[in-house]
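Only one structure is covered here, and it is reproduced in the block below.
The values are calculated or read from the model by the stated rules, or taken from the named source; none is laboratory data. Remember, it's a predicted structure, so these values are computed and weren't measured experimentally. No Cβ is skipped: glycine too gets one built from the backbone with ideal geometry, and neighbour counts run over all protein chains shown.
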Amino acid sequence: MKNLLRLLMAVALPLAFSTSVVGQSAPAATESVVQKKIEAYLRHAFALGPDVRVTVGAPKEIGNSGIQETTIDVKTDQGSDTVKMYVTKDGQYLLRGELFDLSKDPLAENTSKMKLDGAPVLGDPKAPVTLVEYADFECPVCRNLHDALRGVLPNYPQAKLIFKDFPLDALHPWARTASLGGRCAYQQDPKAFWKYYDFIYDQQDLISPANIYDKVVDFAGKANLNADTFKACLAGPQAASDVDASVANGNLLEVHSTPTVFVNGRRVVGADPHAIQQYIDYELAQMKAGKK
């Protein structure tokens with residue numbers, strides 16, 4: 001599944017539809033024809049057999065650009081994901097990449113979509129540089145980022161880290177329970193969340209779907225949290241609602257993989273501490289120069 005998605009994500013140049021594969025395109029093709037054409041092209045180009053379910057969303061025009069936006073949902077028995085693509089209005093070319101509206105501030109647009117109330121904060125809440133991390137506790141790359149941030153953040157008192165749950169349920173069977181545990185720790189003691197954050201990533205290789213519940217309850221005891229309250233929280237609706245809301249917020253920001261970090265609105269995908277440091281340094285330099 002991951003290799004398949006990597007192929008789709010790698011399409012960086014316009015794709016001219018081959019008439020020998022999917023038929024001649026009409027100048028004013030209807031949406032249904034375009035959707036079928038896109039699916040046929042992708043199946044042919046990437047050898048997607050009947051075991052792969054491909055759903056092409058109805059293209060929607062972006063302003064008066066002559067370009068339409070569509071989503072490609074790819075599902076197998078191993079998982080699913082969504083890829084955004086663009087198609088010319090005449091249904092002749094398919095493009096994969098990012099589309100930038102030069103009339104808008106992309107950073108302000110990202111930050112305006114973030115729902116950060118009630119999210120755990122590490123560092124000075126008034127720090128001018130904000131890192132917002134959308135992560136999955138079972139994700140190995142998220143653990144790599146966690147380990148890297150341990151070395152980076154102490155050097156930047158001007159930066160704060162905000163954690164947002166984004167468990168990938170289709171790939172990671174115990175990630176959601178871990179997210180619930182984090183929410184329940186936070187509800188009792190906001191500072192306990194960051195101990196929990198370290199605990200889960202440090203113990204990641206020892207955790208399984210069979211023992212995750214016992215692991216998080218064990219943490220609650222070691223952190224001097226009320227065990228009965230903690231267990232009730234794990235089973236109750238509030239923590240689940242908070243995790244679902246965090247995932248929905250990530251979807252709004254088009255988070256498709258973990259970890260995804262926003263540094264004052266700039267997106268970093270994966271465990272890339274060098275990019276994070278670059279963005280922090282840039283922000284601090286801009287502030288020093290009086291441009292912020």
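In table form, for the structure just shown:
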item: Filtered residues of the range 254-266 (kept if buried (at least 17 other Cβ atoms within 10 Å of the Cβ) and either out of contact with any Ser or Thr (no Cβ under 8 Å at 6 or more places or on another chain) or modelled with pLDDT under 95 (or both)); result: VAL255, HIS256, SER257, THR258, PRO259, THR260, VAL261, ARG266
item: Scan of the range 260-284 for residues that are in contact with a Gly (Cβ under 8 Å, 6 or more places away or on another chain) and assigned to a helix (DSSP H, G or I), ordered by number; result: PRO273
item: Flag for PHE199 being touching a helix residue (DSSP H, G or I) at 6+ places or on another chain (Cβ under 6 Å) and aromatic (Phe, Trp, Tyr); result: yes
item: Identity of the residue in the range 92-112, hydrophobic (A, V, I, L, M, F, W, C) and more than 23 Å from ILE280 (Cβ to Cβ), that ends up surrounded by the fewest Cβ atoms within 10 Å (Cβ to Cβ); result: LEU102
item: Strands (runs of 3 or more DSSP E) lying entirely in the range 38-152 (those with 1 or more residues that are under 28 Å from PRO167 (Cα atoms), among the β-branched types (Val, Ile, Thr) and in contact with a Phe, Trp or Tyr (Cβ under 8 Å, 6 or more places away or on another chain)); result: 67-76, 129-135
item: Among (1) part of a helix (DSSP H, G or I); (2) modelled with pLDDT of 95 or more, the one test that MET287 misses; result: (2)
item: Residue match in the range 129-141 (condition: more than 17 Å from the chain's Cα centre (by Cα) and over 14 Å from VAL261 (Cβ atoms)); result: no
item: GLY57 being modelled with pLDDT of 85 or more, of a type in the set (Gly, Ala, Ser), surrounded by fewer than 16 Cβ atoms within 10 Å (Cβ to Cβ) and touching a helix residue (DSSP H, G or I) at 6+ places or on another chain (Cβ under 9 Å); result: no
item: Odd one out for THR88 among (1) of a type in the set (Val, Ile, Thr); (2) closer than 30 Å to THR229 by Cβ; (3) not assigned by TED's automatic domain parsing to the domain that holds THR258; result: (2)
